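Enquirer: What follows is a structure written as structure tokens; I'll ask about it next.
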Amino acid sequence: MDGITILGTGEYVPDTTATNEMFAKFIDTSDEWITTRTGIKERKISSSTPNFMMGAQAGRQAVENAGLTPKDIDCIIVSTCTPDFFYPNTACLIQNVLGAQPCACIDVNTACTGFITALDLARSYLAMNVYKTILVMASERLTNQIDYEDRGSCILFGDGAGAVVVQKGENKLYYSHSGAEGDMLESLYCKVYYDKNNPFHKEDDFLKDKIDTPQKERYLQMDGRAVYKFAVDAMAGAVAKICADSGFSLDDIDLVVPHQANLRIIQAAIKKMNVDESKVYTNLETHGNTSSSCIPMCLAELDKAGRLKRGMRICLVGFGGGLTYGATIFEY
Ligand code: UT7
């Protein structure tokens, strides 16, 4: 079996820090409520940098850390659910900034699960010898979609980008499992908005619903409790499935990097997985939930701290809008 080798990592952390105390000045909340319910103390917000520029900076760092140049990249795969454009896709925008032409450019969107999806896709391309060197990344400016009058959601999210450069890892283990529950779409969504300018659209079109979307519904909509319950079971279930398929137990895993949504979700999920808390990495205390960027930003932090060692077995696990979920176990 062939897996992946991560050659370099990178991240972009935005310029503005929003503390819990700052939120308490414009909504009815407190540092105590946010800390005890989520574990988040502060999050970083991009005040003026577009999503693709955040991604480009993370990507450039990953390519440099891999000891390569942008022209060495055969394919860029970007996970984002907060693009600046419908088209071109974010990967093309990033390719242009990096000067990585003419590599292939692909966007994926499984919301917060997206980096795991992107890594799976990259691994498949590498295993089939379609590409040799792939820049896999996530870039999210979720704060564009947040209603800052909705105290149930606005305190959770931050912005950022993370990236890894991967090549085929001969005889390295790689297992993954993903799924979705499309019937739970209303638990977490953000609708596309169109202007009323098309005389051919009928009153009963689904489009009408989108055109007439009330202002508030153009922001992220979330049923926090429903997502919470789903997340704990979905993350633990995906990891249990990989363990059953691979014959590994979580005792064989050195490091777990979960989606950074809520510390209580992570604690409940790892209890269900029966994994030692000391193996689990978090950064949500200072970054909040940066959607699909959480996991590659954690990997970049771990790399910077010298905590990623060759041969290590790493488990990534996440969930998100869809509702989607996914997990992977690979050898570093
Ligand atoms: O990437 C995936 C993105 N989404 C998620 O991961 C969301 C998962 N869900 C969660 O993280 C949690 O459900 C929340 C943090 C969103 C909410 O925590 P909770 O413990 O599930 O609280 P709740 O929604 O049941 O609300 C409890 C109370 C409510 O007041 P009442 O009705 O009991 O009077 C809320 O109005 O807390 C209130 N509340 C707040 N109070 C102070 C909700 N948000 C706030 C707030 N500050 N920011």
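Enquirer: Check Tyr12 against each of (1) more than 25 Å from Leu316 (Cβ to Cβ); (2) among the hydroxyl-bearing types (Ser, Thr, Tyr); (3) surrounded by 19 or more Cβ atoms within 10 Å (Cβ to Cβ) and name the one condition it does not meet.
Expert: Exception for Tyr12: condition (1).
Yes/no matrix, rows are residues, columns are (1) free of Cβ contacts under 8 Å to residues at least 24 places away in the same chain; (2) surrounded by fewer than 19 Cβ atoms within 10 Å (Cβ to Cβ); (3) in a helix (DSSP H, G or I):
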position: Ala268; (1), (2), (3): no, yes, yes
position: Lys272; (1), (2), (3): no, yes, yes
position: Ser293; (1), (2), (3): no, no, yes
position: Met297; (1), (2), (3): no, no, yes
position: Leu302; (1), (2), (3): no, no, yes
position: Arg310; (1), (2), (3): yes, yes, no
position: Thr328; (1), (2), (3): no, no, no
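Enquirer: Give segment 119-135 a look and list any residue that's among the hydrophobic types (A, V, I, L, M, F, W, C) and farther than 12 Å from Ile295 by Cα, or say none. Give the steps one after another, and end with the answer.
Expert: The first filter runs over segment 119-135 and keeps only residues among the hydrophobic types (A, V, I, L, M, F, W, C), leaving 119, 121-122, 126-128, 130, 134-135.
Hits for segment 119-135 are Leu121, Ala122, Leu126, Ala127, Met128, Val130, Ile134, Leu135.
Enquirer: How many of the residues making up segment 15-39 are near the ligand (Cβ under 7 Å from one of its atoms), outside any loop (DSSP other than H, G, I, E, B) and either modelled with pLDDT under 95 or open to solvent by 30 Å² or more (accessible area, probe 1.4 Å) (or both)?
Expert: 2
Enquirer: Can you name the strands (runs of 3 or more DSSP E) wholly within segment 113-202 that have at least 2 residues being of a type in the set (Val, Ile, Thr)?
Expert: Working: elements: 134-140, 160-169, 174-180.
Counting at least 2 such residues, we get 134-140, 160-169.
Enquirer: Evaluate segment 237-248: report whether one residue or more is under 18 Å from the mean Cα position of the chain (by Cα), more than 22 Å from Ile4 (Cβ to Cβ), outside the structural domain of Glu21 (by TED's automatic domain parsing) and open to solvent by less than 40 Å² (accessible area, probe 1.4 Å). Show your work before the answer.
Expert: Applying the first criterion (under 18 Å from the mean Cα position of the chain (by Cα)) to segment 237-248 yields 238-239.
From what is left, the residues that are more than 22 Å from Ile4 (Cβ to Cβ) are none.
Looking through segment 237-248, none of the residues is under 18 Å from the mean Cα position of the chain (by Cα), more than 22 Å from Ile4 (Cβ to Cβ), outside the structural domain of Glu21 (by TED's automatic domain parsing) and open to solvent by less than 40 Å² (accessible area, probe 1.4 Å).
Enquirer: Within segment 58-76, is even one residue open to solvent by less than 10 Å² (accessible area, probe 1.4 Å), among the hydroxyl-bearing types (Ser, Thr, Tyr) and either at pLDDT 95 or above or under 30 Å from Ser30 (Cβ atoms) (or both)?
Expert: No; the residues of segment 58-76 include none that is open to solvent by less than 10 Å² (accessible area, probe 1.4 Å), among the hydroxyl-bearing types (Ser, Thr, Tyr) and either at pLDDT 95 or above or under 30 Å from Ser30 (Cβ atoms) (or both).
Enquirer: Within segment 3-56, can you find the residues that are over 24 Å from the mean Cα position of the chain (by Cα) and of a type in the set (Asp, Glu)?
Expert: Within segment 3-56, Glu21, Asp28, Asp31, Glu32 meet the criteria.
The values are calculated or read from the model by the stated rules, or taken from the named source; none is laboratory data. These numbers come from a predicted model, not from an experiment. Glycine gets a Cβ as well: all are built from the backbone with ideal geometry, and neighbour counts include every protein chain shown. The area values use the complete protein model at the heavy-atom level, side chains included, leaving out ligands, DNA and RNA. Shrake-Rupley method; radii C 1.70, N 1.55, O 1.52, S 1.80 Å.
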